[in-house]
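The values are calculated or read from the model by the stated rules, or taken from the named source; none is laboratory data. Model, not experiment: these values are computed from the prediction. Please note: Cβ atoms are built from the backbone with ideal geometry, for glycine as well, and neighbour counts cover all protein chains shown.
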Amino acid sequence: MLPNCLSAEGEQRCRRLLAPATARLRARPAAAAVLVPLCSVRGVPALLYTLRSSRMTGRHRGDVSFPGGKCDPADQDVVHTALRETHEELGLVVPEDHVWGILQPIYYMTNDIIVPVLAGVGPLDPQSLKPNPKEVDKVFALSLAHLLQVENQGYTRFRKGSHFHYTMPVFFNGQHRIWGLTAAITEFALQLLAPGAYQPRMVIPRLPKG
């Protein structure tokens, strides 16, 4: 049974659970931050994703991602990075008081920290957004119900040399496959928003301390 995470009670529960990490991590230096937009699409709770432009350079062009990017020295903190990048990429203005808190950070490659920021953006029609074509090819939403269906979940096991290194979740059967860091952040969001309804797929032998 999917809890009503869009209710006032659901929001307060999430804010309360995220408060310790938010207080600890908000002003901490990080390489990048992303916004995890929880929205309502025709009354159904969903997460909003972007398809990165295929014209961009770098290994992640054409991948599904959450809006976000590198922290700028002018940003006040990681929350402001996530909100600024969301506005630049999607033209979507998310007020700071709509931010619920900070999810578990991701440690990427050389231990760079990527901080996911969860925000409730309310009722939304993804097709009404006007993304920056230099950065985003497409915007779409996937309902929490879809993401929580076992048949839409999988995992990818990575090896380092001849040994198991780590396992990452994958979500599919939607418009695009969600994998890598975006899938890991999706998993964190589902564990918070639908406690007990999602079985974690990510297995990492040892995370850096922090």
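Points to keep in mind about this one:
- Among the residues of the range 88-114, none is identified as over 13 Å from the mean Cα position of the chain (by Cα), small (Gly, Ala, Ser) and over 13 Å from Gly68 (Cα atoms).
- Count of the range 161-210 residues, restricted to those that are at pLDDT 80 or above and hydroxyl-bearing (Ser, Thr, Tyr), is 4.
To keep it simple, each residue is scored yes or no on (1) of a type outside the set (Val, Ile, Thr); (2) closer than 21 Å to Leu51 by Cβ.
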site	(1), (2)
Asp97	yes, no
Val115	no, no
Ala119	yes, yes
Asn132	yes, yes
Gln153	yes, yes
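- Selection within the range 1-48 - under 15 Å from Ala119 (Cα atoms) and in a loop (DSSP other than H, G, I, E, B): Cys5, Leu6, Ser7, Arg26
- Among the residues of the range 120-134, at least one is under 17 Å from the mean Cα position of the chain (by Cα) and closer than 12 Å to Leu35 by Cβ.
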